[in-house]
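S.K.: Quick one: the structure is below, questions incoming.
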Amino acid sequence: MVKKLKKLYGKDAREFFNQVMVEQPLLPFLIPLGLFAWFVERWVVPFSNWVPLAAAVWATIQYGRFKRRIIVEDLNKRWKHLILNTTPTTPIEPCEWLNKLLTEVWPNYMEPKLSRRFQSTVERRLKNRKPKLIDKIELQEFSLGSCPPTLGDEGMRWITSGDQQVMSLGFDWNSHEMSVMFLAKLAKPLIGTCRIVINSIHIKGDLLLSPILDGEAILYSFGSTPEVRIGVAFGSGGSQAIPGMELPGVSTWLVKLLTETIGKTMVEPRRLCFSLPAVDLRKQAIGGVLSVTVVSASNLCKNTGNRQSSNGGTMSGTADNKVSQTFVEVEVGNLMRKTSTSEGLNPTWNSTFNMVLHGETGIVKFLLYELDSGGVKFNYLTSCEIKVKYVHDGSTIFWAIGHNSGVVAKHPEHCGQEVGMVVPFEDIDGELTVSLVLKEWQFSDGSVTLGNSLSSGLQSSSDGSPKLQSITGRILRVRVVEGRALTANSKSGKCDPYVKLQYGKALYRTKTLSHTVRPVWNDKFEFDEIAGGEYLKIKCYNADIFGDESIGSARVNLEGLLDGASRDVWVPLEKVDSGEIRLEIEPIKNDHNNSMQSSSSKAGAGWIELVIVEARDLVAADLRGTSDPYVRVQYGNKKKRTKVIYKTLSPQWNQTFEFPETGEPLILHVKDHNAVLPTASIGHCTVEYSMLSPNQSADKWIPLQGVKSGEIHVKIARRVPVSDSERKAALGIDPSGKGHKMATQMRDSLKKFTGLIDEGGDPEALSLAVTEMEGIQSEQEEYIEVLEREKSMLLHKIQELGSEIIRTKSGPPRTPY
């Protein structure tokens with residue numbers, strides 16, 4: 001007991017001495033001075049006895065102040081704990097000022113920003129979820145309206161979650177001014193389209209706000225799934241309305257879709273981040289490159305309950321906490337990478353991967369698996385995740401859920417800075433140590449952040465200015481250089497890789513290389529650049545005699561490419577464990593196309609001449625192993641078709657079609673003719689003609705898309721008239737009476753069709769007659785368009801002639817000779 005008291009008093013004395021040293025920095029000088037005075041008084045010149053008394057009084061006062069400060073700090077700590085944990089509502093924190101401020105900033109700032117963000121989220125969710133009554137659905141309009149939500153009707157309160165302070169306040173949004181419109185194509189047996197409009201919404205719940213990084217960002221979420229109600233109206237456009245009973249289940253589906261979207265993004269423990277940067281660079285991040293290093297795990301303890309195995313079943317746990325071999329799978333979207341295996345309760349991997357972010361935010365998921373004793377099956381143990389967000393001042397925020405629902409956050413100010421994070425696993429004890437490096441952010445204006453600098457693309461433009469050229473009239477030259485670490489066939493161990501590139505409707509394929517996981521293709525392809533942020537889609541396949549196997553895919557964002565700049569990038573393949581494809585992308589000016597357009601405009605109206613020669617290796621659409629193929633040609637709104645060639649997979653048509661050139665895509669649809677059943681598609685393709693010079697022709701075999709095999713042989717030419725007679729022929733002006741001929745042909749076809757019906761109607765003959773009438777009708781529509789165009793040209797000439805006459809009359813009088 002005496003020893004404990006001595007320790008207690010000794011500790012108290014040390015704390016008091018340290019406190020006095022902090023408050024009285026001159027004390028180290030005063031003590032020697034006092035000792036010197038005592039020495040003088042004791043041995044040289046005696047003083048009175050007031051010096052020891054003054055020192056005792058001073059020490060007593062200082063000790064009293066110290067004890068009083070300790071008591072005040074303890075009372076303040078107890079009071080704060082009482083307020084934050086037991087008081088339901090903080091009376092000194094009313095919310096009227098917050099709602100007034102929200103009403104002022106909502107229409108012009110928050111509503112447009114939130115509408116754009118939620119619109120992109122809803123569009124992504126619509127691709128994967130739709131009711132059975134709807135075949136296709138697309139979002140046409142999204143507006144949250146001018147009515148903001150109401151926050152904290154009953155005040156707000158502060159709570160503590162671990163070491164994190166969280167503001168809790170009520171959220172009530174009851175709006176009848178929002179407008180969210182969907183256009184839906186109804187599935188069979190229903191026919192037609194329908195508009196679905198969400199015109200009101202009611203969301204009520206408890207909102208949690210957590211300031212992090214010393215107030216530089218705020219995490220927000222709902223404490224539990226909120227109550228959601230929406231008002232839905234149905235219509236077919238205009239004033240014609242369809243009753244809600246016509247589409248049962250759609251309202252329930254929309255409520256479920258909205259509730260699931262909120263639950264998967266911003267219901268505890270999932271949180272969203274809102275950054276508060278001091279500087280806004282006004283740049284839109286469209287992607288980034290993130291280096292992830294999975295370092296190690298510590299204090300792993302297996303869950304003794306049931307867990308999921310690799311074959312989809314469940315395995316009962318045991319009381320044995322020994323972990324044999326574990327590995328971590330890293331996921332960013334569809335991109336997955338796997339570490340090597342490591343043993344023990346504190347495994348170490350030190351595996352580094354380059355991951356690709358699409359957009360300004362991303363989620364890095366870490367899935368922990370355990371191999372069984374045989375090393376064949378693997379069981380899922382647990383997971384954790386780290387979220388990444390671009391901040392508009394050029395920095396990056398990483399955050400994750402920590403212990404006791406706390407927050408682990410890092411804020412590197414520049415790209416290239418390495419940050420380490422220790423994140424707890426969700427379902428079992430243990431922590432994961434990772435290292436993250438955001439290598440670069442890519443922006444919509446073509447600039448890229450590298451380190452602490454901002455680069456205008458990977459190469460500067462010729463004049464040194466980072467100006468973004470017009471995206472119309474440019475060619476994107478893509479070279480598929482090589483690949484590495486591709487996935488081989490799990491059974492044969494072979495890999496015969498090739499790559500398919502799709503950009504818009506254009507589809508190309510590299511050559512197939514045999515027996516290699518590090519192929520070198522060096523194949524070049526050219527695409528017409530498309531506006532609107534179109535992605536270049538990459539699909540890598542392993543050729544096999546029994547069917548090609550997909551060994552990964554990826555998307556490449558081509559926004560912000562500058563003229564004269566090239567991009568050399570390794571693209572990680574998604575949906576596989578390993579594999580990368582190297583691409584060289586270079587935008588070039590299409591001067592040839594510009595010269596063609598100018599020469600075409602100077603020469604007058606031109607036309608496209610298409611000769612459909614033949615096809616080969618078509619897909620068999622009939623049970624007898626053949627097809628009855630024909631080709632439907634679509635050029636803008638104009639449609640024509642060839643004759644039907646029966647019972648063959650290598651038809652020969654040798655038919656010529658002409659269209660007035662408008663610059664629209666020329667699409668060929670190869671179909672299988674059937675007199676009774678609907679026609680079946682056996683492939684389609686797009687014929688490129690924009691690169692042709694005036695009056696230049698091209699002879700090409702084009703592979704069919706959407707089928708396993710098939711090619712079509714065409715000859716395409718851009719015809720430009722060089723004389724008045726050719727120009728009249730191009731415009732369809734025929735002095736011999738083309739309109740009269742078409743009218744006669746239509747009457748004859750109608751008589752023939754009527755006679756076939758009276759005779760009983762052979763289905764095949766009726767089909768051919770209908771096809772002939774459709775062709776004549778298409779020619780009539782084209783002839784009418786030509787006449788309208790000639791009419792406008794004549795009116796323009798008349799106006800020019802009238803202006804010339806007026807200008808001549810208003811000139812000075814001519815002097816007679």
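The values are calculated or read from the model by the stated rules, or taken from the named source; none is laboratory data. It should be emphasised that the depicted structure is a prediction, and the values quoted were computed from it without experimental measurement. All Cβ positions, even for glycine, are placed from backbone atoms using ideal geometry, and neighbour counts span all protein chains on display. We work out accessible area using only protein heavy atoms, side chains counted, and drop any ligands, DNA or RNA first. Shrake-Rupley method; radii C 1.70, N 1.55, O 1.52, S 1.80 Å.
S.K.: Taking the Cα centre of the stretch 95-275 as origin, sum charge times position over the Cβ atoms of Lys and Arg (+1) and Asp and Glu (-1), and report the length of that vector in debye to the nearest 20.
M.R.: Working: 21 positive and 19 negative charges, 223 e Å.
Dipole magnitude for the stretch 95-275 comes out near 1080 debye.
S.K.: Next question, about the same structure. Got a sec to turn the phi values of the stretch 545-553 into Karplus ³J(HN,Hα) couplings, 6.51 cos²θ - 1.76 cosθ + 1.60 with θ = phi - 60°, whole Hz, x for Gly and Pro?
M.R.: So the Karplus estimates, Gly and Pro as x, are 5, 9, x, 5, 9, 6, 10, x, 8 Hz.
S.K.: Length gain on complete extension for the stretch Ser435 to Arg125, per 0.36 nm per residue less the alpha carbon to alpha carbon distance? Let's see the in-between values first.
M.R.: Working: separation 310, 0.36 × 310 = 111.60 nm, distance 3.12 nm.
Extra length available between Ser435 and Arg125 comes to 108.5 nm.
S.K.: Evaluate the distance, in nm, between pseudo-label points positioned 7 Å from the Cα of Asp172 and of Glu781 along their respective Cα→Cβ axes.
M.R.: 5.7 nm
S.K.: Among the listed pairs Lys113/Lys365; Lys185/Lys700; Lys188/Lys264; Lys185/Lys256, give every one whose C-alpha distance is greater than 30 Å. Working shown, then result.
M.R.: On the way: Lys113/Lys365 27 Å; Lys185/Lys700 37 Å; Lys188/Lys264 32 Å; Lys185/Lys256 20 Å.
With Cα atoms farther than 30 Å apart: Lys185/Lys700; Lys188/Lys264.
S.K.: Which pairs in the list Lys283/Lys575; Lys643/Lys715; Lys132/Lys671; Lys132/Lys505 are over 23 Å apart, alpha-carbon to alpha-carbon? Could the numbers behind the result be given before it?
M.R.: Details: Lys283/Lys575 30 Å; Lys643/Lys715 17 Å; Lys132/Lys671 28 Å; Lys132/Lys505 28 Å.
Those over the limit are Lys283/Lys575; Lys132/Lys671; Lys132/Lys505.
S.K.: Also: Beta carbons within 10 angstrom, averaged per residue: use that to sort the peptides 55-63, 652-660, highest first. Each step should come with its number before you reach the end.
M.R.: Numbers: 55-63: 12.0, 652-660: 15.7.
Result, highest mean first: 652-660, 55-63.
S.K.: Something else about it: At a 1.4 Å probe radius, which order do Arg582, Arg718, Arg747, Arg129 fall into by accessible area, largest first?
M.R.: Details: Arg582 55, Arg718 10, Arg747 125, Arg129 75 Å².
The most accessible residue leads, giving Arg747, Arg129, Arg582, Arg718.
S.K.: Another one. Say the dipole of the stretch 475-588 comes from +1 at the beta carbon of Lys and Arg and -1 at that of Asp and Glu; which of Ala485, Leu561, Tyr503 then lies farthest toward its positive end?
M.R.: Toward the positive end, the furthest listed residue is Ala485.
S.K.: Go through Ile262, Ser251, Met178 and say which Cα lies farthest out towards the positive end of the charge dipole of the stretch 95-275; charges sit on Cβ, +1 for Lys and Arg, -1 for Asp and Glu.
M.R.: Checked the options; the winner is Ser251.
S.K.: So between Ala278 and Glu343, what do we pick up on full extension, going 0.36 nm a residue minus the alpha carbon distance?
M.R.: Values: separation 65, 0.36 × 65 = 23.40 nm, distance 4.64 nm.
Residue separation times 0.36 nm, minus the Cα-Cα distance, leaves 18.8 nm.
S.K.: Okay, moving on. Between Asp699 and Ala531, what is the label-point separation in nm under the 7 Å Cα-to-beta-carbon projection?
M.R.: Roughly 3.8 nm, to one decimal.
S.K.: Let me ask another. Specify whether the C-alpha gyration tensor of the stretch 646-696 places it in the rounded, prolate or oblate class, a ≥ b ≥ c being the square roots of the eigenvalues: rounded for a/c under 1.5, otherwise prolate if a/b is larger than b/c and oblate if not. Don't jump to the answer; show the numbers that get you there.
M.R.: Working: a/c = 2.69, a/b = 2.12, b/c = 1.27.
Here the stretch 646-696 falls in the prolate category.
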